[in-house]
Amino acid sequence: MFSLILHGRRSIELQLCRNSINLVNLLRNASAFSSDVSSLQDGRKGKTFTVSYLVHSLGLTRKLSETISTKINLEDKGNPDSVLSLLRSHGFTDSQLSSIVTNYPRLLTADAEGSLSPKLKFLKSRGASSSELSETLSKVPRILGVKKEKSISVYYDFVRDVIEADKSSKYVKLRPSSLPHGSQQENKLRNVSALRDLGDDESLRRWKEQLIGVVDFEDVGETPDPVVKILHLTVRSPDREEMVLTIPDDGVPNPKGPWFTIKEGSKYTLVFNFRVTNNIVSGLRYNNTVWKTGVKVDSTKAMLGTFSPQAEPYQHVMPEETTPSGIFARGTYSARTKFVDDDNKCYLEINYTFDIRKNWQ
């Protein structure tokens with residue numbers, strides 16, 4: 001009888017415990033649901049305010065404002081007002097401001113005094129007038145999202161060259177100082193002028209989009225340092241087929257012997273293929289030092305140029321050279337090749353050996 005009563009008490013206590021747990025879970029679920037509802041309401045409230053602000057402050061259509069509100073969420077008018085006020089003080093018109101916010105709405109969330117103002121002052125200190133500044137930045141406002149001053153100046157100059165190319169019918173007036181002679185960007189600028197002369201508006205529009213679009217400004221804002229990958233080296237000679245030498249990831253071409261062989265007294269040309277990502281690389285240089293039996297016999301330094309990020313690899317062709325000839329020229333040479341930029345950042349340092357012989361092998 002006692003055990004029955006004890007079992008009954010335990011059953012009642014167990015049921016009460018289960019009811020308490022269920023009640024706690026119910027309260028937790030209700031709290032989570034309330035939190036989700038509150039977050040949803042806050043999100044809707046922020047989106048509603050963003051749409052209202054864009055319509056009333058910039059005169060954008062409601063449909064366009066709703067599209068922009070999916071990219072940014074403005075909590076109040078304090079920060080965006082500061083950004084617009086700063087840009088207006090530098091001569092930006094309402095039309096230009098509308099274009100900027102449409103193309104780069106994230107600018108409204110930037111720090112006006114701490115980030116944007118120093119960048120605008122820096123660009124003006126380089127000689128940019130208010131009209132040039134507002135015109136260039138309204139075309140590509142993502143320039144203001146770049147962090148480093150050096151990168152900002154190179155991007156700005158590049159976009160300005162494209163705009164000038166679009167205005168001028170004479171290519172000689174718009175040769176970009178920031179771009180190497182014969183580079184892909186320079187060739188594209190030639191095409192801008194050629195297409196304008198032909199009156200091909202649609203092709204011209206696509207060329208301009210490609211020119212300004214070669215730089216992924218979104219990636220630049222997050223990863224400011226450029227990345228340069230040397231893909232392969234090609235040895236061209238009229239006496240034989242091209243030798244394409246792939247650059248290994250470990251930087252050791254052929255630890256068991258010479259990387260390549262060149263015939264004595266032959267003419268040859270070196271061609272570099274490389275890819276640039278993340279940011280513009282400024283002043284990319286090629287340094288090459290050659291030794292024979294421990295004695296330095298040659299040192300070459302060449303400026304390749306400044307290159308923008310793009311999907312397609314770049315190709316740089318070096319001037320033609322002639323290998324030495326004679327019994328003392330033949331033999332095995334050791335070499336060190338480096339690719340560095342203006343900041344002396346090294347993208348590749350590779351050590352290898354090569355042979356000069358009587359015949360190609």
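The values are calculated or read from the model by the stated rules, or taken from the named source; none is laboratory data. What you see is a predicted model, and the numbers here were worked out from it, not measured in a lab. As a convention, Cβ positions derive from the backbone with ideal geometry for all residues, glycine included, and neighbour counts pool all protein chains shown. SASA here: full protein model, heavy atoms, side chains in, ligands and nucleic acids out. Shrake-Rupley method; radii C 1.70, N 1.55, O 1.52, S 1.80 Å.
Let's see how each residue does on (1) more than 29 Å from the chain's Cα centre (by Cα); (2) assigned to a loop (DSSP other than H, G, I, E, B); (3) crowded, with 18+ Cβ neighbours inside 10 Å:
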residue: L64; (1), (2), (3): no, no, no
residue: K71; (1), (2), (3): no, yes, no
residue: N79; (1), (2), (3): no, no, no
residue: L87; (1), (2), (3): no, no, yes
Count of residues meeting criterion [within 31 Å of the chain's Cα centre (by Cα) and modelled with pLDDT of 85 or more] in the stretch 36-62: 5
Enumeration of residues in the stretch 78-100 that are farther than 23 Å from T61 by Cβ, of a type in the set (G, A, S) and in contact with a Leu (Cβ under 8 Å, 6 or more places away or on another chain): G91
Scan of the stretch 141-153 for residues that are over 19 Å from H90 (Cα atoms), part of a helix (DSSP H, G or I) and open to solvent by 20 Å² or more (accessible area, probe 1.4 Å), ordered by number: K150
Qualifying positions in the stretch 281-298 - of a type in the set (S, T, N, Q) and open to solvent by less than 70 Å² (accessible area, probe 1.4 Å): S282, N287, N288, T289
Top-ranked residue of the stretch 280-299 - restricted to ones that are in a strand (DSSP E or B) and within 19 Å of the chain's Cα centre (by Cα), ranked as farthest from K148 (Cα to Cα): L284
Positions within the stretch 300-336 being β-branched (V, I, T) and either open to solvent by less than 10 Å² (accessible area, probe 1.4 Å) or outside any strand (DSSP E or B) (or both), in sequence order: T323, I327
Residue under evaluation N344, criteria (1) touching a residue at least 40 places away in the same chain (Cβ under 8 Å); (2) at positive phi, criterion not met: (1)
